[in-house]
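The values are calculated or read from the model by the stated rules, or taken from the named source; none is laboratory data. Given the structure is predicted, the values throughout are model-derived calculations rather than measurements. Note that each Cβ is placed from the backbone with ideal geometry, even for glycine, and that neighbours are counted across all protein chains shown.
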Amino acid sequence: MSIAREASKRLFSKPSTLRYPFEKPTVPSGLRGIPVWSMENCILCILCQTTCPPAAIKMTPKGPDAGIEFRLDRCIFCGECADICPKKVITMSDRFELAGDDRSKMVYSYKKTLHIIPEEYCVRSD
Ligand code: SF4
Ligand code: SF4
């Protein structure tokens, strides 16, 4: 195809690029954006923390502060945490617009709500 023909074809065709951020792209399925935790099924097993390559996950496994601290500024979106979680608590969301200039705002805290077991279900040892 001649250059002139190619140029005239391109002149009247839609551009392949988007005017981002004014136009939003359609994200492909399987995109690994920010991981999110649904803590109700979390068993605080620490597997996600131990498997995370850049140490973006810090767990408090016991006590009233039991839960997970996730540091977005360290995450490399590898998805290892979601793959290893035995309870499927972690989802790699499709949120990808995550840039920021304040690292202190990139720390997410997920608390495990402790459920009080009614006394009638407690097994007493005495
Ligand atoms: S691997 Fe899953 S169940 Fe285990 S602590 Fe992490 S989020 Fe909770
Ligand atoms: S996606 Fe990878 S880097 Fe990010 S928290 Fe999970 S294991 Fe860590």
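Could you check region 54-85 and list, in sequence order, the residues that are more than 18 Å from LYS111 (Cα to Cα), in a loop (DSSP other than H, G, I, E, B) and not β-branched (Val, Ile, Thr)?
Looking only at region 54-85, we keep the residues that are more than 18 Å from LYS111 (Cα to Cα), and these are 54-55, 73-80, 83-84.
Going one step further and asking which of them are in a loop (DSSP other than H, G, I, E, B), we end up with 54-55, 73-79.
Residues satisfying the conditions are PRO54, ALA55, ASP73, ARG74, CYS75, PHE77, CYS78, GLY79.
Filtering LEU47, LEU18 for residues that are modelled with pLDDT of 90 or more and in contact with a Cys (Cβ under 8 Å, 6 or more places away or on another chain) leaves a single hit, LEU47.
Return yes or no: is ILE76 in contact (Cβ under 8 Å) with a residue 24 or more places away in the chain and either β-branched (Val, Ile, Thr) or within 12 Å of ligand 1 (Cβ to nearest atom) (or both)? No. Any residue that is within 20 Å of PRO86 (Cα to Cα) and of a type in the set (Asp, Glu) - is there at least one of those in region 33-56? Yes, region 33-56 has at least one match. Total residues in region 48-73 satisfying the condition of being more than 21 Å from ALA99 (Cβ to Cβ), more than 10 Å from ligand 2 (Cβ to nearest atom) and touching a residue at least 12 places away in the same chain (Cβ under 8 Å): the figure is 8. The set of residues in region 86-112 being of a type in the set (A, V, I, L, M) and not in a loop (DSSP other than H, G, I, E, B) consists of ILE90, MET92, MET106, VAL107. Quickly run through region 26-53 and pick out the residues that are surrounded by fewer than 11 Cβ atoms within 10 Å (Cβ to Cβ) and in a loop (DSSP other than H, G, I, E, B). The answer is THR26, PRO28, SER29, GLY30.
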